[in-house]
């Protein structure tokens, strides 16, 4: 009887939530048995989320809440994120140094391949993931139950999480399952992970940096797409970062622009980096490197505020939800020194305000055919353009359907 009482007492303080994994997780602990979603990553993120949503809860000095979470996973599969390249006979390719050559992977730029085997792997499970929560505090239990769906919808885990890796969501068999509900969404009609991340990367580049795919052998442009941030900057009377850098360091590259835009803009800002700071940029056409250094040397990193949340759908594809976190006010208005080797004449400031929804609304109204046609009508037939057009049309369609 005593055992039953104890079990009954524990059930008052314990509850479970079932999760389903939707995209692979890049995990630095892949060598460890059972490495997957970790309580040491989930709990601090959940605590931080609840502190914003429920500030009345009894948080500790370090912002932590008094509860425990245990994560039970099984049947975890590990795969090389960049498998070795093979020749037509199936032999693994190596370079002149004897290092294994590995396939490129969209949206991942870490140390993913080397001759000492220091490359990353992904972990994935098709089995149900059980989260067991335990707390004596009724308010904490209630807050977790009421807010966990929103938390997991807006949160990914592991490396490169903002671009959609490590996506988990409430399992559809869960009693309190809620259909995902975010403002922006597009669909990828494939369950192939590499295709999914190719589409996410393609869309992200259209917003931030633009796309310039070149055939280096023939020195011809295969596809070119001016970024939406470039168009938006022009729309609000701000000179594009790249032109400001050319004016300072590469005046020979300004010939074409000066014909089109005779007067340089006085309002020069660091626009592109609102969607993620690139501290070092390789300017391949000039064989030069550009570095951005915070004037007071207090900021060396600013992650993209855009979070992608890919979720498997019932139609053998992914619904890719996305949203933008509010940019930290401490980053807005900051000044950066733009360097080229020993030269540091250029200083550019981040705009003091930025509204992502306003920016995206502008981007979604752009006539993509005309936008690309201004460069070359042949680009309309490329895989890149067709994919971009489908994504933009899909986002617009979903926005209209939500009204």
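Coordinate-derived values only; no laboratory data. Just so we're clear, the structure is a prediction, and the values are computed from it rather than from any experiment. Backbone-built Cβ (ideal geometry, glycine too); neighbour counts: all protein chains shown.
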Listing 40, 82 by rising number of other beta-carbon atoms within 10 angstrom, fewest first, gives 40, 82
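Once fully extended, how much extra length lies between residue 364 and residue 397, figured as 0.36 nm per residue of separation less the alpha-carbon to alpha-carbon distance? Could you put the intermediate results ahead of the total?
Numbers: separation 33, 0.36 × 33 = 11.88 nm, distance 1.06 nm.
Roughly 10.8 nm would be gained on extension.
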Per the helix-only model, the chain has a calculated mean residue ellipticity at 222 nm (DSSP H runs of ≥4, -39500 (n - 2.57) each, divided over all residues, rounded to the nearest 500) of -9000 deg cm²/dmol
Among (1) 18.0; (2) 38.2; (3) 25.8, the value of mean projected area of the Cα convex hull in nm² computed for this structure carries the label (3)
Expected sort for 229-240, 153-164, 53-64, 128-139 on mean C-beta neighbours within 10 Å, highest first, is 153-164, 229-240, 128-139, 53-64
Once normalised by the length of region 188-402, the mean sequence separation of its alpha carbon contacts under 8 Å that are 6 or more apart gives a contact order in percent of 20 percent
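Determine the gain in length on full extension of the stretch residue 291-residue 18; use 0.36 nm per residue of separation and subtract their C-alpha separation, reporting nm with one decimal. If you can, show how the numbers build up before the last one.
On the way: separation 273, 0.36 × 273 = 98.28 nm, distance 4.53 nm.
In short, 93.8 nm is gained.
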Here the relative contact order (percent) of the chain, from C-alpha pairs under 8 Å and at least 6 apart, is 16 percent
Each label sits 7 Å from Cα toward the beta-carbon; between residue 40 and residue 235 the label points are separated, in nm, by 4.5 nm
Rounded to the nearest 10, the angle in degrees between the Cα long axis of helix 138-153 and the longest principal axis of the Cα atoms of the chain comes to 40 degrees
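If neighbour count is taken as other Cβ atoms inside 10 Å, put 178, 266 in order from fewest to most. Spell out each step's value before the answer.
Values: 178 11, 266 8.
With the fewest neighbours first, 178, 266 line up as 266, 178.
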Here FRET efficiency (C-beta to C-beta, residue 179 to residue 53, R₀ 22 Å, nearest 0.05) is 0.65
Most exposed first, judged by fewest Cβ atoms within 10 angstrom, 191, 280 run 280, 191
Nearest-0.05 FRET efficiency for residue 314 and residue 78 at R0 = 35 Å, using Cβ-Cβ distance, is 0.80
Quick calc: nm separation of the 7 Å Cα→Cβ label points for residue 101 and residue 87 -> 1.0 nm
